[in-house]
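Asker: Quick one: this structure, given as structure tokens, is what I'll be asking you about.
The values are calculated or read from the model by the stated rules, or taken from the named source; none is laboratory data. As the structure is a computational prediction, the values presented were derived from the model and not from experiment. Counting neighbours? That spans all protein chains shown, and the Cβs are built from the backbone with ideal geometry, glycine included.
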Amino acid sequence: GLLCWLAIEKLGVTSLHVYMDDFFGWDFADNLVYFHGSLRPRKQVQLLLFWDTIRCPYEDRKQEHGFPLKIIGFWVDIVEGSISLHQSSIDNIVLKINTFLATPRRRPTLKDFQHLAGHLNWLLNVLPWGKPATFELYKKTSGKTIPHAGITINKNITEELTWLHDIIPRAVGIRFVDSLHWKDEEADLVMWTDTTLHDGLAFVFTGHSFFYNIVEPCNLPSSSSSSNSVDIFFLEQIGILSALYHAAGMHHPPRRLLIWTDSLDAVSVFSSLSPSNAMHNAPLRAAAKIIIATGIDLRVQHIAGTENIQADLLSRLMFDDY
């Protein structure tokens with residue numbers, strides 16, 4: 001950290017960053033100078049000269065440049081504006097998932113659970129929408145402290161990890177240039193959703209409106225009867241999922257999709273991708289599958305209920321007022 005600060009503040013090596021002992025930055029493709037037998041970016045040479053001056057050891061072969069470039073284990077393509085993993089890293093994570101699921105008697109130790117979780121957390125840097133697939137993994141190990149104690153792999157863990165295993169080979173990578181780095185007014189499509197527990201759910205956008213009537217609401221379990229009961233939060237998620245599904249099915253799906261909802265809980269869970277129970281995780285996994293397949297950049301924002309007029313009227317089946 002100190003060396004990075006000195007290089008920036010005292011030597012003027014701009015756009016320099018450091019993570020642990022890995023320094024990285026950017027320079028213009030034609031800003032090259034001859035150093036140690038080859039042409040290299042001027043900023044990189046400035047840093048290496050600094051290291052030479054203070055006799056800081058480094059391996060010349062590890063001072064790489066170009067695009068894509070490997071930075072702390074990730075492949076960064078500044079031209080495409082993307083971050084991804086090398087195919088060997090992808091294959092390695094897939095292998096670790098397979099090995100974990102094939103554990104004899106399906107009882108890996110807590111330490112095995114934690115090792116896999118660590119690898120998956122690293123993966124989430126380039127596959128953020130894979131996070132819903134780790135819900136049951138963390139739930140199963142919550143509160144456990146004995147490293148070599150066996151923990152049974154249940155059906156839910158198997159389903160989530162199998163889903164993740166299947167999508168990893170074709171889904172790893174994010175575009176850091178525009179991923180959520182846009183203003184609300186720059187959205188390609190704007191939709192509004194609302195849901196009621198006893199009437200219906202609806203979503204609207206310019207010139208279009210859709211609703212679904214909840215049939216026989218009296219048969220819905222009470223929200224206080226069970227941890228798996230249908231509640232308004234779940235239905236708000238389904239409303240957002242329905243809007244996303246509709247947008248993804250368009251002839252030209254939007255790249256930037258903005259969905260307004262009056263549910264703060266829904267906004268929070270679509271932002272954090274960290275629900276409190278399995279029922280609320282299910283819509284996230286469904287949304288993740290759509291987003292990974294289409295590349296839609298989804299943003300869910302909050303709107304006051306008094307301003308969400310059209311979606312509110314439709315969700316209450318108040319067609320005459322609509």
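Asker: For segment 266-322, give me each residue that is aliphatic (A, V, I, L, M) and on the phi > 0 side of the Ramachandran plot.
Answerer: 273, 317
Asker: So, in segment 268-297, of the ones that are hydroxyl-bearing (Ser, Thr, Tyr) and within 13 Å of the chain's Cα centre (by Cα), which residue ends up surrounded by the most Cβ atoms within 10 Å (Cβ to Cβ)?
Answerer: Looking at residues that are hydroxyl-bearing (Ser, Thr, Tyr) and within 13 Å of the chain's Cα centre (by Cα), I get 274.
Asker: Moving on to the next point. Collect the residues in segment 204-219 that are under 32 Å from the mean Cα position of the chain (by Cα), surrounded by fewer than 15 Cβ atoms within 10 Å (Cβ to Cβ) and at pLDDT below 90, keeping them in residue-number order.
Answerer: 207, 213
Asker: If you check 200, 239, which single one turns out to be small (Gly, Ala, Ser), modelled with pLDDT under 95, closer than 22 Å to residue 301 by Cα and buried (at least 19 other Cβ atoms within 10 Å of the Cβ)?
Answerer: It is 200.
Asker: Spot the failing condition for residue 300; the list is (1) crowded, with 18+ Cβ neighbours inside 10 Å; (2) in a helix (DSSP H, G or I); (3) in contact (Cβ under 8 Å) with a residue 40 or more places away in the chain, and only one is missed.
Answerer: Going through the list (1) crowded, with 18+ Cβ neighbours inside 10 Å; (2) in a helix (DSSP H, G or I); (3) in contact (Cβ under 8 Å) with a residue 40 or more places away in the chain, residue 300 breaks only (2).
Asker: A further question follows. Among the listed residues 306, 261, which satisfies the condition of being without any contact (Cβ under 8 Å) to a residue 40 or more places away in the chain and not small (Gly, Ala, Ser)?
Answerer: 306
Asker: With respect to the numbered conditions (1) outside the structural domain of residue 141 (by TED's automatic domain parsing); (2) out of contact with any helix residue (DSSP H, G or I) (no Cβ under 7 Å at 6 or more places or on another chain), which one is the sole condition not fulfilled by residue 58?
Answerer: It is condition (2) that residue 58 fails.
Asker: Working only within segment 50-69, note down all residues that are on the phi < 0 side of the Ramachandran plot, surrounded by fewer than 15 Cβ atoms within 10 Å (Cβ to Cβ) and either touching a Lys or Arg at 6+ places or on another chain (Cβ under 9 Å) or not polar (S, T, N, Q) (or both).
Answerer: Hits for segment 50-69 are 52, 54, 56, 57, 58, 59, 60, 61, 62, 64, 67, 69.
Asker: Just one of 140, 96, 144 is basic (Lys, Arg), more than 30 Å from residue 297 (Cβ to Cβ) and part of a helix (DSSP H, G or I); which is it?
Answerer: Unique residue meeting the criteria: 140.
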